[in-house]
1. Compute the angle between helix 67-78 and the longest alpha-carbon principal axis of the chain, please, reported from 0 to 90 degrees and rounded to the nearest 10.
2. Where only protein heavy atoms count, and the probe is 1.4 Å, what is the accessible area per residue for the range 1-129 in Å²?
3. Around Lys114, what is the net charge, scoring Lys/Arg as +1 and Asp/Glu as -1 over all other residues with Cβ under 13 Å from its Cβ?
4. Over the alpha carbons of the chain, what is the largest minus smallest coordinate on each principal axis, giving the biggest first in Å?
5. Using the Cα centre as the reference, give the magnitude of the dipole from point charges on the C-beta atoms of the range 4-121 (Lys, Arg: +1; Asp, Glu: -1; all else neutral), rounded to the nearest 20 debye.
6. Just subtract the alpha-carbon distance of Glu190 and Asp174 from 0.36 nm times their residue separation and send over the number in nm, one decimal.
7. What does the convex hull of the Cα atoms of the range 95-216 come to per residue, in Å³, rounded to a whole number?
8. Please compute the contact order of the chain in relative form: average sequence separation of alpha-carbon pairs under 8 Å and at least six residues apart, divided by the residue count, as a percent.
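The values are calculated or read from the model by the stated rules, or taken from the named source; none is laboratory data. Just so we're clear, the structure is a prediction, and the values are computed from it rather than from any experiment. We place every Cβ from the backbone using ideal geometry, glycine too, and count neighbours over all the protein chains shown. Only protein heavy atoms, including side chains, enter the accessible area calculation; ligands, DNA and RNA are left aside. Shrake-Rupley method; radii C 1.70, N 1.55, O 1.52, S 1.80 Å.
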Amino acid sequence: MTEKLTICFQHHDFVVIDKPVGVSVHKDEEAVGLTEKLAKQLQVKQVWLVHRLDKVTSGLLIFALNKQAAVCFYHLFEQHKIEKTYWALSDQKPKKKQGKISGDMQKSRNGAWKLCHSKQNPAVTQFSSHSVKPHLRHFILQPKTGKTHQLRVAMKSLGSPILGDQLYAGTEADRVYLHAYQLKFDYQGESFCIQSSPTSGQSWAKICSAESVKNI
């Protein structure tokens with residue numbers, strides 16, 4: 001992780017970066033973790049990670065620049081007041097083209113999760129999709145809850161595992177095709193809508209053309 005991080009939006013209380021695919025929000029085996037790297041790049045003493053993305057997921061990630069802002073964002077996420085939109089690709093046809101996926105999630109094997117029929121504390125995802133070309137479908141996913149691997153499990157349950165997501169039976173590819181595309185929220189009386197299209201992965205090319213804004 002030697003290259004500079006892409007800053008998509010900067011405010012005096014927070015910044016939004018485009019997290020590269022393959023970079024963990026935790027330190028892992030890296031000598032310098034993502035929060036340290038960003039703080040150094042911004043030339044500030046500390047930044048606060050207020051939500052997470054899987055290592056295999058690219059896209060928008062918010063960091064607070066002070067403790068008060070961090071607390072505010074924790075509450076916004078906890079109360080589901082930040083609307084998240086993800087893009088995903090699959091080469092497998094879904095059981096339905098749009099709708100809602102809802103169910104409890106349970107730990108499975110090899111660090112994976114599975115969706116259950118019960119709905120005591122369900123993971124809820126709204127989605128729509130359209131065909132990009134034969135055997136490639138673009139999904140627009142809006143999680144209403146924030147469970148671990150929620151979107152990856154939801155896509156598998158549709159019969160359309162994410163392209164490249166081999167943990168959930170996806171076809172092998174040059175990356176896992178899941179990207180945090182848009183964040184919408186109100187902060188201190190101001191409305192924000194921040195977007196960032198994916199930049200890595202050969203199969204995004206068609207999606208990132210003019211037709212990409214379809215259904216957004």
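1. With both axes taken from Cα atoms, the answer is about 20 degrees.
2. Ligands and nucleic acids excluded, the result is 58 Å² per residue.
3. Counting the neighbours of Lys114, the net charge comes to +4.
4. 48, 39, 36
5. With Lys and Arg at +1 and Asp and Glu at -1, about 500 debye.
6. Net length gain for the segment: 1.9 nm.
7. 132 Å³
8. Over the chain, the number comes to 19 percent.
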